[in-house]
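Asks: Here it is: the structure, laid out below.
The values are calculated or read from the model by the stated rules, or taken from the named source; none is laboratory data. This is a predicted model, so every value here is computed, not measured. All Cβ positions, even for glycine, are placed from backbone atoms using ideal geometry, and neighbour counts span all protein chains on display. Heads up: the accessible areas ignore ligands, DNA and RNA and are worked out on the full protein's heavy atoms, side chains in. Shrake-Rupley method; radii C 1.70, N 1.55, O 1.52, S 1.80 Å.
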Amino acid sequence: MGSAYDPRVFLAAERSLLAWSRTCLAVMGFGFVIERFGLFLRLMDPAHRADAHSGPSLWVGIALMMFSSMLTFLSTLSF
């Protein structure tokens, strides 16, 4: 049990890669929603500024998307 040639080892690694990929896609989507939600809040404000692409939501969203991309790359290397 558990030899390197056992197909269950490869299938378990593939399931783990798919789980990581699914999680990274969800985090990337969440980062995109956070980034766009800040824009939505500024547009709903009657006295919104002309500079619509600033604020913490932009940077938090970008950070989540970059973190997710890095994690996807690392999980692929681990596979």
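Each row is one residue, and each column tells you yes or no for (1) at pLDDT 80 or above; (2) exposed (fewer than 11 other Cβ atoms within 10 Å of the Cβ).
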residue: Ala26; (1), (2): yes, no
residue: Leu41; (1), (2): no, no
residue: Met66; (1), (2): yes, no
residue: Leu77; (1), (2): yes, yes
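Asks: State which residue is nearest to the chain's Cα centre (by Cα) when the search covers only the stretch 1-17 and only residues that are at pLDDT 85 or above and open to solvent by 100 Å² or more (accessible area, probe 1.4 Å).
Replies: Arg15
Asks: Please work out which one of (1) open to solvent by 70 Å² or more (accessible area, probe 1.4 Å); (2) at pLDDT 85 or above is the condition His53 fails and give its number.
Replies: So the condition that His53 fails would be (2).
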